[in-house]
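*Asks:* Could you have a look at this structure, given as structure tokens, before my questions?
The values are calculated or read from the model by the stated rules, or taken from the named source; none is laboratory data. Keep in mind the model is a prediction, meaning the values are calculated, not measured. Neighbour counts are summed over all protein chains in view; Cβ atoms, including those assigned to glycine, are modelled from backbone coordinates with ideal geometry. Areas reflect the complete protein model, heavy atoms only, side chains present, ligands, DNA and RNA absent. Shrake-Rupley method; radii C 1.70, N 1.55, O 1.52, S 1.80 Å.
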Amino acid sequence: MVKRKRLETPSVDDLSRIEEEFRRETSPRRGGLAAPIAQVAADSADAMVEGARTRDQADAKAMRAAREQGLVIMQLPLARIQADAMIRDRTVLNAEEMSELQTSISLNGLRLPIEVFALPNPEPDGPQYGILSGFRRFKAMQHLSELTGEEKYSTIKAVLRDPDQMGGAFAAMIEENEIRASLSHFERGRIVVIAVQQGSFVNVEAAVDALFPSASKAKRSKIRSFALIFEELGDMFKFPEMLREKEGLKLAQALRQGGGERLREVLATDQGSTPQRETELLGLALAEFDGAPKDKSRGGRPAIKTPKPGWQDNETLHLSSGITLRREEDSQGYVIRLQGRGLSSDIIDSVMLELQHLLEKP
């Protein structure tokens, strides 16, 4: 029978000797001769820290990319935004509309953020951004902040944009206003000329084509006409918002006929007193050109004798301009047919606008 060996508890000296032998046989670890379990824990902790650092770097990179793409809404202090960083296309801010906007913001907050772009060389303690779109919203928040002094009006929601990726700052600004609230013809012509003057485009033609790419041929023609008005008479108008399309097109035609000097003379007689007086002066000036003789040196076909102005019958009306209007009726309704050499797409557009004002429900 095999004799079993009796197990004995190792002494303290035996344990010390075993530990010392283990240390000698184990390769040195970083940070000293730590026990295997301690080293595994340390390595695991280091890996977790490194992983967190890598994720933070990736998140920061993704956040910067999202902000540059306009996917992140920032909350910017009003003081960090320069309202006049670029010349605006709007010439007038309607007081009633601004009051309604301020009331809406005070009741419901600002629902739509503004768009800003980074200023190229900002001062360290000054504004860092310029307004690309949302000028009215910014001014409304600014006024509420000054009026109430409340902290909630001291910042505004904003999205960072890159104007170069949007066709340029002018194009981005115009696109926003054309969609939200259509610009007047004078405002369109004005911003076209300013864009050319600031070197964004080589001439008015290029500016119109780039800033209003989706506009019809007739609309671009009107914009060029009002650009001419701003170039020649922009400094003479104190109430350009009162200039209607019909008068504007007549004014552009008078300028093309060389009437710039006379128009400036007439408008300067009582410049800027009231909108009504400015409109009256403009009408008097245009009346001179309506009756001006044509330049016969240009030649052309012999003049065609036009019918006597007035109603020829119940269906036909001859105008002094040589245009004839005929009323017709078919199964689909009434038709007004316009005929005459003086007709153009601009005149037809003006007629459509007049019909709109006449037939639109009050």
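*Asks:* Stretch Ile323-Thr103 to full length: gain in nm at 0.36 nm per residue minus the Cα-Cα span?
*Replies:* Gain on stretching Ile323 to Thr103: 74.2 nm.
*Asks:* Quick one: if you stick a label point 7 Å off each Cα along the C-beta vector at Lys152 and Arg17, how many nm between them?
*Replies:* 8.1 nm
*Asks:* So, one more: In region 176-261, which trypsin sites (Lys or Arg not before Pro) fall in coil by DSSP and have 11 or fewer other Cβ atoms within 10 Å?
*Replies:* Here no loop site has a sparse enough neighbourhood.
*Asks:* Another one. Any chance you could run the full-extension gain for Arg256 through Ser214? It's 0.36 nm times the residue separation minus the Cα-Cα distance, nm to one decimal.
*Replies:* Going from the current span to full extension adds 12.5 nm.
*Asks:* OK, next. What percentage of the solvent-accessible surface of region 177-245, computed with a 1.4 Å probe over protein heavy atoms, is contributed by carbon and sulfur atoms?
*Replies:* About 48 percent, which is the carbon plus sulfur part of the accessible surface.
*Asks:* Okay, next question. Please give the length that would be gained between Asp125 and Lys238 if that part of the chain were fully extended, namely 0.36 nm times their separation in residues minus their C-alpha to C-alpha distance (nm, one decimal).
*Replies:* Working it through step by step, the gained length comes to 37.0 nm.
*Asks:* Could I ask something else about it? Report the far tail of the P(r) of region 209-251, meaning the percent of Cα-Cα pairs longer than 12 Å.
*Replies:* Cα-Cα pairs in region 209-251 separated by more than 12 Å: 64 percent.
*Asks:* Using alpha-carbon positions, what is the distance between the centroids of region 194-210 and region 308-330, in Å?
*Replies:* Each part reduced to its Cα centre gives a spacing of 42 Å.
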